[in-house]
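The values are calculated or read from the model by the stated rules, or taken from the named source; none is laboratory data. None of these values were measured; they are calculated from a predicted model. We place every Cβ from the backbone using ideal geometry, glycine too, and count neighbours over all the protein chains shown. Surface areas here come from the heavy atoms of the whole protein model, side chains and all, with no ligands, DNA or RNA. Shrake-Rupley method; radii C 1.70, N 1.55, O 1.52, S 1.80 Å.
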Amino acid sequence: MSRLEAKKPSVCESKPLTRERLRTTLSVLKGIVASCYGPSGRLKQLHNGAGGHVCTTSQSSALLRGLSVTHPVLKILTTSMQNHVSCFSDCGLFMAILCCNLIEYVEGIDLAPTTVIELNKQLLSLCTSYLKSEACACRIPVDFSSTQILLCLVRSILTSKPACMLTGKEVDHISALVLRAFLLTIPEKAEDHIILGKSIIVPLKGQRVIDSTVLPGMLIETSEVQLMRTLPIKKSSALKVALFCVSLSGDFSDTGEGTLAVSYGVSLESAVLDQLLNLGRQLVWDHIDLVICQKVIHPSLKQFLSTHHVIAIDRVGVALMEPLSKMTVAVSSLLLCNRNDTAWDELKLTCQTALHVLQLTIKEPFVFLGGGCTETHLAAYVRHKTLNEPGSILKDVGYTQTELHLIAEAFCSALESLAGSLEHDGGEILTDMKYGHFWSVQSHSPPVANWPDLLSRCGCGLHSNQEELSWSFLRSTHHPFVPQNSLPHEAASSANNLTLDCFTAKLSGLQVAVETANLILDLAYVIEDKN
């Protein structure tokens, strides 16, 4: 006999951000995502208590699939993160860490949430306007007459995922392949509005990474014996293909609640097979060379087609149907190899991200300087503007300069802390007082007054210790300065081994992080149904 339990009342929690439970949970989530950030990020193993598949990763999309978040406030953050990653593939960790930092750094400020939110919006507007402007010193235009910047962008994505387990030589090889696969998806006759093709990643697990390659067109698995028997010996022109997304097995579709009337003496199976063979005759008459079916082809139809030297491939699945339907435009196959299943899964996800980022770069042909330099440069810019031109930020909002300086300092600290998340080995983090770029010193370095002896290049690789620069510890007290423009765009475009970030994904990540933080800061009550 079942037992009936009384319905539990909903739990109402006021001012959730003041609760220790949420602060602790938010700190744990930030620790997880921040520790994964960058080329030296720590890997996470995701598995359930019942066993099954184990995922080793540092990527935001894989983390989101494996993490179980129960607190409703954290669900807001992870949902925003998921939506961003689904649209842009990149900068998911960037968005999540910055959002957590923005919430954390305003906790001790005695200002109304509405004031914090409105000033955050003004600072976001300041940042986006600068990052989109020609005056932006951390944005580089992409010259499509050269592959140098695009290669650096792909290489930066690959090196930021340590679970791919690639050597330097392998990174260069895969970067070149990904870029080549992408270029094969661009139509040869590009018009004002081009339609990009698709690159299919084909698994070759257990092989050497260096054996990976790119082929134009699409690879479809079929038996070697069938191919040898049916493939025309000589075919000077392209193969004519017939593509079916419906079943050719002869099975009857579900009639639902209706009835099917069949005349006496009629065999449904024979009638359907006759229709399938009629289709086969029509295909032969139309000189079709290759028949591809998403589902199953009837064995008799397969035999008929084989007799007439027509290749029949079935069960290709829904995943290949879209690119197959686009075979009139450029399609490429990236044969991707790695040492084991875990490393291959991570590499596949990373290559998919890189291909998507290249597509975004076609639409908005810019890249940001990576390695933490954009964040520290932007923090220096915001500090300078809020100190020297507060009126341009405060116009029409009605807040004081003191309130602006408090929130601007929290905003800049959040950006600098995000950049500092790239350091996982206890090294010192500095910024130069000319460009506002990110510099890192290895841990346990000897204490010397001459920084150039310890510093090599800034995080993005654009500036070296040979320039006349002065440095300061990140987040230390120093007078705000005007960050100067870096090298000319032409020099930046020709530089080798730059660390770069996707312009579109990072700009969106900045916006989503601030908007999500504002949404969480604006929460007055959380009501949970405990039934």
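Where residues in segment 46-84 are open to solvent by less than 10 Å² (accessible area, probe 1.4 Å) and among the β-branched types (Val, Ile, Thr), which of them is modelled with the highest pLDDT?
57
Inspect segment 317-327 for any residue being free of Cβ contacts under 8 Å to residues at least 24 places away in the same chain and under 17 Å from residue 243 (Cβ atoms) and give the result as yes or no. Even if it seems obvious, please write down each step before you answer.
The first filter runs over segment 317-327 and keeps only residues free of Cβ contacts under 8 Å to residues at least 24 places away in the same chain, leaving 317, 319.
In the following step, the residues that additionally are under 17 Å from residue 243 (Cβ atoms) were identified as 317, 319.
Yes, segment 317-327 has at least one match.
Can you name every residue in segment 331-371 that is of a type in the set (A, V, I, L, M) and in contact with a Pro (Cβ under 6 Å, 6 or more places away or on another chain)?
The initial filter retains those residues of segment 331-371 that are of a type in the set (A, V, I, L, M), namely 331, 334-336, 343, 347, 349, 354-355, 357-358, 360, 362, 367, 369.
Correct list: 331 only.
Tell me which helices (runs of 4 or more DSSP H) are completely within segment 77-164 and hold 3 or more residues being in the same structural domain as residue 517 (by the TED database) and over 18 Å from the mean Cα position of the chain (by Cα), or say none if there are none. Walk me through how you get there before you give the answer.
Details: elements: 92-105, 113-132, 148-159.
So the answer is 92-105, 113-132.
Quick one: which residue in 432, 425 is of a type in the set (Asp, Glu), surrounded by 23 or more Cβ atoms within 10 Å (Cβ to Cβ) and more than 25 Å from the chain's Cα centre (by Cα)? Talk me through it step by step, then tell me what you get.
Numbers: 425 fails: surrounded by 23 or more Cβ atoms within 10 Å (Cβ to Cβ).
Step by step, each of 432, 425 is checked, and only 432 is of a type in the set (Asp, Glu), surrounded by 23 or more Cβ atoms within 10 Å (Cβ to Cβ) and more than 25 Å from the chain's Cα centre (by Cα).
Might you let me know whether segment 480-493 holds any residue that is open to solvent by 20 Å² or more (accessible area, probe 1.4 Å), modelled with pLDDT of 90 or more, in a helix (DSSP H, G or I) and polar (S, T, N, Q)?
no
Show the residue pairs that are 6+ apart or on different chains and have beta-carbon atoms under 6 Å apart, the first residue being within segment 407-426 and closer than 18 Å to residue 381 by Cβ, the second being of a type in the set (Phe, Trp, Tyr) and open to solvent by 20 Å² or more (accessible area, probe 1.4 Å).
As it stands, the answer is 410/105; 413/105; 414/105, since those pairs meet every condition given.
With a cut-off of at least 1 residues that are in contact with a His (Cβ under 9 Å, 6 or more places away or on another chain) and without any contact (Cβ under 8 Å) to a residue 40 or more places away in the chain, name the strands (runs of 3 or more DSSP E) lying wholly within segment 1-60. Can you show your working first?
Numbers: elements: 11-14, 44-48, 51-57.
Filter on segment 1-60 gives 44-48, 51-57.
Say we look at segment 1-39 and pick out the residues that are of a type in the set (S, T, N, Q) and open to solvent by 40 Å² or more (accessible area, probe 1.4 Å); which of these is nearest to residue 167 (Cα to Cα)? Show your work before the answer.
Narrowing segment 1-39 to residues of a type in the set (S, T, N, Q): 2, 10, 14, 18, 24-25, 27, 35.
Those left that are additionally open to solvent by 40 Å² or more (accessible area, probe 1.4 Å): 2, 10, 14, 18, 24-25, 27.
Details: 2: 61, 10: 54, 14: 51, 18: 46, 24: 38, 25: 36, 27: 33 Å.
So the residue we want is 27.
Got a sec? Which of 89, 156 is out of contact with any strand residue (DSSP E or B) (no Cβ under 8 Å at 6 or more places or on another chain), buried (at least 17 other Cβ atoms within 10 Å of the Cβ) and closer than 25 Å to residue 38 by Cβ?
Numbers: 156 fails: out of contact with any strand residue (DSSP E or B) (no Cβ under 8 Å at 6 or more places or on another chain).
Just one listed residue meets the conditions, 89.
Assess whether residue 527 counts as being part of a helix (DSSP H, G or I), at pLDDT below 95 and either more than 28 Å from the chain's Cα centre (by Cα) or not assigned by the TED database to the domain that holds residue 155 (or both). Give the steps one after another, and end with the answer.
Details: part of a helix (DSSP H, G or I): no; at pLDDT below 95: yes; either more than 28 Å from the chain's Cα centre (by Cα) or not assigned by the TED database to the domain that holds residue 155 (or both): yes.
When the stated conditions are applied, residue 527 does not pass them.
Out of (1) under 20 Å from residue 422 (Cβ atoms); (2) open to solvent by 10 Å² or more (accessible area, probe 1.4 Å), what's the single condition that is false for residue 118?
(1)
What single numbered condition from (1) more than 24 Å from residue 62 (Cβ to Cβ); (2) open to solvent by 70 Å² or more (accessible area, probe 1.4 Å) fails to hold for residue 197?
For residue 197, the failing item is (2).
Quick one: which residue in 306, 332 is under 30 Å from residue 277 (Cβ atoms) and touching a residue at least 12 places away in the same chain (Cβ under 8 Å)? Spell out how you get there, then give the answer.
Values: 332 fails: under 30 Å from residue 277 (Cβ atoms).
Going through 306, 332 in turn, just one is under 30 Å from residue 277 (Cβ atoms) and touching a residue at least 12 places away in the same chain (Cβ under 8 Å): 306.
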